[in-house]
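Report on the following structure.
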Amino acid sequence: MKKTRSNRRNNEIMKKNNFVQGAFIATLGIVITKVLGILYVIPFYDIIGEKGGALYGYAYSIYLVFMAISSAGIPLAISKIISEYQTLGYYDAKQRAFKIGKQIAITLGILCFIILFIFAPQLANAILGDLKGGNTIEDVTFVIRVISTAIIIVPVLSIYRGYFEGHKFITPTAISQVLEQIIRVLVIVIGSFLTLKIFHLSLTTAVGVAVFGATVGSLASYFYLIEKRYKNKRKFAEKELNVKEPKITNKEILRKIMIYAFPLIMIDIFKSLYSMVDTVTVVKTLGPIYGTETAESIMSILSTWAAKFNMIIISISTGMIVSLTPNLTSAAVVGNIKDIHKKINQSFQMLIFLILPMTVGLSFLAKPVYTVFYGASKYGPIILSFYIFVAFITALFTTAITITQVLKYYKVVFISLFSGLLLKSLVNVSLIRQLYHLGLPGYYGSILASILGYTLSFIICLVALNRKCGVNYEKTVKQGINTLCGTVIMVIGLMLVKLVVPISVTSRFLNIFIIMIYTIIGMIIYFIYMYKTKSIEEVYGDKILKKLHLKK
């Protein structure tokens, strides 16, 4: 009896999700992890300060590049292959693809760990060079080696997530991400506090404990998914089609994984390289202008503190992609062009609908938001108010480049990636210097260079999808303009509120209420406008309005 109830509960969890449901669940899970990733920063910042934040950012910027090499493209590739074979009824090939994917992930994870651990001193030297007065090469080397341990586990974890997502079981992967983040945050905050405040060890050791949270969190998530798969074996073994499965060799499956994964790996590598360009140029360029200590503080804001808010915006596109990849793959396998066009446009419309007002709202409230999380800062709010727009264009670019990859326009993927990064690399230092000489904040040059790079890549993808696949963006453009109008009206309303409720206060406690007031009023204004113009119904369908009891 107990066993039956347990299986029933598992079956309730392990239900397949359609595109909109999957996008919502995946986005919700990822947004929760990113919100947790911001909330922990409040105590973490107080514990380690800006110098510790810079050290933490150095480790993570290097870690993300190696994570991209070892696992970034593989989960989506596995998700795509599983979805493809499941749609065609090739069940044996599906299971072998999963096993081969795990073998690849384990090999790449161990290899990247060894390389990162051995060459950590050289990487630290590339970051700091001859600069003195801040973190040392030994400090950076230590934290890079500590965080490298996560690379052994995360690639295999990503394979399991891709396997679940390929079957359109989005809920378990969303739960695993939240679990991973909760464990990671607990290790970061409690570990760094105990290390620095209780045991009175060095700042470097405290940051080392904090970055080790990535390893502990990924382990917890990994074991959760293993258990979930074991308890739901029958769900994965269900055969929806009875077809004669052609003979597909392991070599063919491996080749398909590599073909699908390589562009995805390159996407994440190139995105990580944007941060790497800043890591190796910003401090060196700003150092002679502002001084090494100030330059490192600015870099810590760009790489760690302000970046936390950007990840909330970007996470929405990530959630969209998790659901979009298997659904778009299924439509492409059966040649349903109409459905492909619909899903592409719906993805952009849903994305813009959500992230445009969020981006503008965060920019508007940059000072109280930054003050609540990090306290008073000379550069933080100024950087956040502009840097948040990098998240907006990154989210659009990530969605566009993933769609391009899923539809197998690989040449376009590489042209788009290379063009954007090349532009960023060429203008980064010159824009920093030019803006400074014009009397503007020099660090805005780095932010502007990122916006220009991602915009170029985004446009290349849109043009390619139009020419090669015939995607018409007319409805998306109209919807985007309407979303922009709603956002402008929201800002006008907030500016009127500003006449009554001032934003510039130093108290963290008061700033919380200010943020709540502005957020609630902004949401109400935006929602009413989008409801009256029927934008919500056009983007999400009338089902969501019926669930909210706004339509009969």
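The values are calculated or read from the model by the stated rules, or taken from the named source; none is laboratory data. Note that the coordinates shown come from a computational prediction; the quantities given were computed from them, not determined experimentally. Neighbour counts run over all protein chains shown; Cβ positions are idealised from the backbone, glycine included.
Picking from residues in the stretch 489-508 that are surrounded by fewer than 13 Cβ atoms within 10 Å (Cβ to Cβ) and in a helix (DSSP H, G or I), the one that is farthest from the chain's Cα centre (by Cα) is 496. Does residue 452 satisfy being free of Cβ contacts under 8 Å to residues at least 60 places away in the same chain, in contact with a Ser or Thr (Cβ under 7 Å, 6 or more places away or on another chain), part of a helix (DSSP H, G or I) and over 16 Å from residue 351 (Cα atoms)? Answer is no for this residue. Within the stretch 415-458, the set of residues being surrounded by 17 or more Cβ atoms within 10 Å (Cβ to Cβ) and of a type in the set (Gly, Ala, Ser) comprises 416, 420, 442, 445, 446, 449, 450, 453, 457. Against the numbered list (1) within 25 Å of the chain's Cα centre (by Cα); (2) under 30 Å from residue 136 (Cβ atoms), residue 266 comes up short only at (2).
Suppose we filter the stretch 233-281 for residues that are free of Cβ contacts under 8 Å to residues at least 12 places away in the same chain and acidic (Asp, Glu); how many remain? Summing the residues that are free of Cβ contacts under 8 Å to residues at least 12 places away in the same chain and acidic (Asp, Glu) in the stretch 233-281 gives 2. Taking the listed residues 511, 472, the one that is outside any helix (DSSP H, G or I), in contact (Cβ under 8 Å) with a residue 24 or more places away in the chain and either exposed (fewer than 14 other Cβ atoms within 10 Å of the Cβ) or on the phi < 0 side of the Ramachandran plot (or both) is 472, with no other qualifying. Would you point out the residue of the stretch 113-138, among those that are assigned to a helix (DSSP H, G or I) and among the β-branched types (Val, Ile, Thr), that is farthest from residue 286 (Cα to Cα)? In this case the residue turns out to be 114.
The condition (being of a type in the set (Gly, Ala, Ser), under 30 Å from residue 474 (Cα atoms) and either surrounded by fewer than 22 Cβ atoms within 10 Å (Cβ to Cβ) or out of contact with any Lys or Arg (no Cβ under 8 Å at 6 or more places or on another chain) (or both)) is satisfied by just one residue among 335, 291, 287: 335.
Scanning the stretch 475-488 for residues that are within 15 Å of residue 400 (Cβ to Cβ), surrounded by fewer than 20 Cβ atoms within 10 Å (Cβ to Cβ) and touching a helix residue (DSSP H, G or I) at 6+ places or on another chain (Cβ under 8 Å) turns up just one, 480. Among the residues making up the stretch 424-435, those that are over 22 Å from the mean Cα position of the chain (by Cα) and touching a residue at least 12 places away in the same chain (Cβ under 8 Å) are 427, 428, 429, 430, 431, 432, 433, 435. Remark: residue 118 falls outside the filter, which requires a residue to be modelled with pLDDT under 90, β-branched (Val, Ile, Thr) and either in contact with a Pro (Cβ under 9 Å, 6 or more places away or on another chain) or surrounded by fewer than 23 Cβ atoms within 10 Å (Cβ to Cβ) (or both). Of the residues 90, 85, the single one that is in contact (Cβ under 8 Å) with a residue 24 or more places away in the chain and not polar (S, T, N, Q) is 90. Just to be sure before I move on: is residue 92 among the charged types (D, E, K, R) and crowded, with 24+ Cβ neighbours inside 10 Å in the structure I sent? Taking the combined requirement at face value, the residue does not satisfy it.
Taking the stated definitions as given, is residue 326 in contact (Cβ under 8 Å) with a residue 60 or more places away in the chain and more than 24 Å from residue 37 (Cα to Cα)? When the stated conditions are applied, residue 326 passes them.
Which residues, counting only those in the stretch 329-342, are in a helix (DSSP H, G or I) and either among the small types (Gly, Ala, Ser) or modelled with pLDDT under 80 (or both)? Passing the criteria: 329, 330, 331, 332, 333.
I'd like to check something: does the stretch 217-224 contain any residue that is more than 27 Å from residue 137 (Cα to Cα), surrounded by fewer than 24 Cβ atoms within 10 Å (Cβ to Cβ), free of Cβ contacts under 8 Å to residues at least 40 places away in the same chain and over 19 Å from the mean Cα position of the chain (by Cα)? Yes: one or more hits.
The residues of the stretch 219-232 that are out of contact with any Ser or Thr (no Cβ under 7 Å at 6 or more places or on another chain) and either among the aromatic types (Phe, Trp, Tyr) or modelled with pLDDT of 95 or more (or both), listed by number, are 219, 220, 222, 223, 230.
Of everything in the stretch 139-180 that's charged (D, E, K, R) and in a helix (DSSP H, G or I), which residue is surrounded by the fewest Cβ atoms within 10 Å (Cβ to Cβ)? Once the filter is applied, the top-ranked residue is 145. If you go through the stretch 362-386 and keep only what is assigned to a loop (DSSP other than H, G, I, E, B) and without any contact (Cβ under 8 Å) to a residue 24 or more places away in the chain, you end up with just 378.
Within the stretch 135-169, the set of residues being at pLDDT below 90 and closer than 27 Å to residue 299 by Cα comprises 135, 136.
Tell me whether the stretch 507-516 contains one or more residues that are in contact with a His (Cβ under 9 Å, 6 or more places away or on another chain) and polar (S, T, N, Q). Looking through the stretch 507-516, none of the residues is in contact with a His (Cβ under 9 Å, 6 or more places away or on another chain) and polar (S, T, N, Q).
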